[in-house]
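Each remark here refers to the structure printed beneath this line.
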Amino acid sequence: MATKARNLLESLNSAEASAIERIQAVYGDDRQEREIQLNRLRYLVEKFIEHFGPDEFLEIYRAPGRVNLIGEHTDYNGLPVMPIAINRDFLCAASPRADGVVHVFNTDRQFPDFMFPATEFPKPSEIGNWSNYVKAGFQGICEDGPRFDIDIKQFKGCNLLFDGNIPSSAGLSSSSALVVVSALALLGAHGKQIAKHELAQILARAEHFVGTQGGGMDQTVSLLGEKDHALKIDFNPFGYSHVPIPPEVRVVVANSLVTAAKTGDARFAYNCRVVECRTAVALLNRGLAERGKVIRMLGDFVPAELGLDEKQLDMLAEKAIPKGPLTAAEIARRLNLPREEFLNVYCRLRTGEILQPPQKGLEVWKRYRHVISEGRRVEMAARALQSGDVEKVGKLMVASHFSCRDDYEISCETLDALVETARDAGALGSRLTGAGFGGCTVSMVRKEQTEELINKFKANYYDDFLACKEPELRKSIENFEQVVFSVQPVEGADRLL
Ligand code: GLA
């Protein structure tokens, strides 16, 4: 049941038991954390009242960001990942309207207000505009709604007010959390629901509307994460399982402060990796032809699908994919295609645009080697975590970082420096997390060493390395708690109040 804004504010101000219970159920029992979240919610409802008045009936939705423990750039290849949903999220206060329009606001004034019709497929704004993430959530509902008996022609419109505390462009999936919370709020304000595992897949596709050809990791963990657990997600076929995080370890996120905006160069680099992986599949298929087999994605190039063991697969790949960069013309020749057709078929993005391969060519072999080995590491890490072997998980995280750095080439000097700092400080494991090219690292550390690790990050990375290399970025830090922090695995997105 929706509550009048003024009543909800009262219940938050007087810390009523029902509100506190909900907050604790999501964010845990820690008093400090509870106060932080309570204050955020009070602020959100106060702002909502300023915008829309105290008598609107509102509901509050929440979608968490994520940090990926292991499995980078495997999701869109049909191979597994193992992220956790974290206690940093987007909140959205939603109330119904009657004029058929969605009115959207953000408590952070750098994100301008906008509106769009609730009964039509939304038109995107220019790349990089925050409205596209909200519209992407709606687009998913427009496209797939009919399967769930949802007809947007009947939508009456709503007010949406967002408030987020996930650092943006940091590889913590603030954008997917925004897409997810938008979809939940838009559905909720119209009295509709879609099961979370269905919604995860719908929103993964819908986010392509924003420009990167991402896989489904971010949306899935934002919706299906669980308190104190990592989420192992399989994509071929889709499935998931919760893996407990042993109580003796903590997960620490450190922001390099080098931004990984998905809308500029990083978008090109990301989509280029997608094209390189597709090309690997095409070349492997030439090698598999004599065995009468065809794969659709690298996730099919596994023993269970092909009846070959890992060694045999590795040998086959060595023959099928030349080492070193390959130009479009070379690849086309190997595939027996005109160059134009290779560009048209393999380099076309979902937006319709054709990605022009970089001058030095496509690094098909290295990308192949990262993706396949990373898929295997995720399987091993999930088993190790399940059995509490945190040392092994840590080692696999470090191996993953090296593979991301050397084969997938998505690391940078700053991320490498953070990983080295963590390893010197005795972390069990450490690696870049998310799309890469900047953003954050994730480290696993024994609980009693958490503070020491955070202090080492401050001294060795922020006050030394960053202060020398990027003094402006160092100066931009107002509060260390915003850039290096330990995260709690929380439950996935839902209505909060
Ligand atoms: C981004 C994408 C994800 C995933 C990661 C890399 O976060 O949105 O789907 O591909 O990059 O692992």
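Just so it is clear, none of the values below were taken in a lab; they were calculated from the coordinates. The shown structure was predicted, so the numbers you read here are calculated from the model rather than taken from an experiment. With ideal geometry, Cβ positions are generated from the backbone for all residues, glycine too; neighbour counts draw on all protein chains shown.
Once fully extended, how much extra length lies between LYS4 and ASN479, figured as 0.36 nm per residue of separation less the alpha-carbon to alpha-carbon distance? If you can, show how the numbers build up before the last one.
On the way: separation 475, 0.36 × 475 = 171.00 nm, distance 3.54 nm.
Net length gain for the segment: 167.5 nm.
Once fully extended, how much extra length lies between ARG109 and ASP416, figured as 0.36 nm per residue of separation less the alpha-carbon to alpha-carbon distance? Don't skip to the end; give the middle numbers.
Working: separation 307, 0.36 × 307 = 110.52 nm, distance 3.40 nm.
Full-extension gain reported as 107.1 nm.
Here segment 295-335 is assigned +1 on the Cβ of each Lys and Arg and -1 on the Cβ of each Asp and Glu. Its dipole about the Cα centre then comes out at about 280 debye.
For a footprinting-style exposure proxy, rank SER173, SER387, SER168, SER400 by other Cβ within 10 Å, fewest first.
Details: SER173 31, SER387 11, SER168 17, SER400 28.
Exposure proxy ranking, most exposed first: SER387, SER168, SER400, SER173.
Here the label points at LYS447 and ASN129, each 7 Å from Cα along the C-beta direction, are separated by 4.9 nm in the simple model.
With respect to the chain, whose longest principal axis is taken over its alpha-carbon atoms, helix 196-206 is tilted by about 70°.
Quick check on my link table: of LYS123/LYS156; LYS227/LYS458; LYS196/LYS227, which ones sit more than 21 Å apart, alpha carbon to alpha carbon? Present the calculation step by step, with values, prior to reporting the outcome.
On the way: LYS123/LYS156 18 Å; LYS227/LYS458 28 Å; LYS196/LYS227 16 Å.
With Cα atoms farther than 21 Å apart: LYS227/LYS458.
For HIS401, HIS197, HIS190, the sequence from fewest to most other C-beta atoms within 10 Å is HIS197, HIS190, HIS401. For segment 88-128 versus segment 363-395, the inter-centroid distance based on Cα atoms is 39 Å.
FRET efficiency for ASP463 and GLU248, Cβ-Cβ distance as r, R0 = 25 Å, nearest 0.05? Please list the in-between numbers first.
Details: r = 29 Å, r/R0 = 1.16.
Computed FRET efficiency for ASP463 and GLU248 comes out at 0.30.
Percent of Cα pairs in segment 308-414 per distance bin of 10 Å, from zero to the largest separation: 13, 32, 32, 18, 6, 0.
Could you please rank ILE20, ILE454, ILE331, placing first whichever residue has the fewest other Cβ atoms within 10 Å of its Cβ? Mind showing how you got there, number by number?
Details: ILE20 15, ILE454 21, ILE331 24.
Fewest-to-most Cβ neighbours within 10 Å comes out as ILE20, ILE454, ILE331.
Considering only trypsin sites (Lys or Arg not before Pro) in DSSP loops that have at most 14 other Cβ atoms within 10 Å, the longest stretch of the chain without any of them is 110-295. Find out how many positive minus negative residues lie around PRO167, taking Lys and Arg as positive, Asp and Glu as negative, among other residues whose Cβ is under 13 Å from that of PRO167. So the surrounding residues net to -2. How big is the gap, in Å, between the Cα center of segment 193-215 and the Cα center of segment 1-55? First find each Cα centre; the distance between them is then 29 Å.
Which loop GluC sites (Glu not before Pro) in segment 284-380, with loop taken from DSSP, have no more than 15 other Cβ atoms within 10 angstrom of their Cβ? Walk me through the intermediate numbers first.
Working: sites: GLU290, GLU305, GLU310, GLU318, GLU330, GLU340, GLU341, GLU353, GLU363, GLU374, GLU379; in loops: GLU353, GLU363.
Qualifying residues, ordered by number: GLU353.
Charging the Cβ of each Asp and Glu at -1 and of each Lys and Arg at +1, and nothing else, the dipole of segment 205-357 about its Cα centre rounds to 400 debye.
Which value in deg cm²/dmol, rounded to the nearest 500, describes the helix-derived mean residue ellipticity at 222 nm for the chain, given -39,500 (n - 2.57) per DSSP H run of n ≥ 4 and division by the residue count? Mean residue ellipticity, 222 nm, calculated: -13000 deg cm²/dmol.
Could you compute the FRET efficiency for GLU341 and GLU305, with r as their C-beta to C-beta distance and R0 at 35 Å, rounded to 0.05? Spell out each step's value before the answer.
Values: r = 27 Å, r/R0 = 0.77.
Between GLU341 and GLU305 the formula returns 0.85.
Can you classify segment 148-262 as rounded, prolate or oblate using the Cα gyration tensor, where a ≥ b ≥ c are the square roots of its eigenvalues, rounded means a/c under 1.5, and otherwise it's prolate if a/b beats b/c and oblate if not? Cα axes put segment 148-262 in the prolate bin. Using the Karplus relation 6.51 cos²θ - 1.76 cosθ + 1.60 with θ = phi - 60°, the per-residue 3J(HN,Hα) values for segment 23-36 come to 5, 5, 4, 8, 9, x, 8, 4, 4, 4, 4, 4, 5, 4 Hz, with x marking Gly and Pro.
In this Cβ point-charge picture (+1 for Lys and Arg, -1 for Asp and Glu), the chain has a dipole of about 1100 debye about its Cα centre. Modelled this way, with points 7 Å down the Cα-to-C-beta line, the labels at GLN356 and GLU198 are 4.4 nm from one another.
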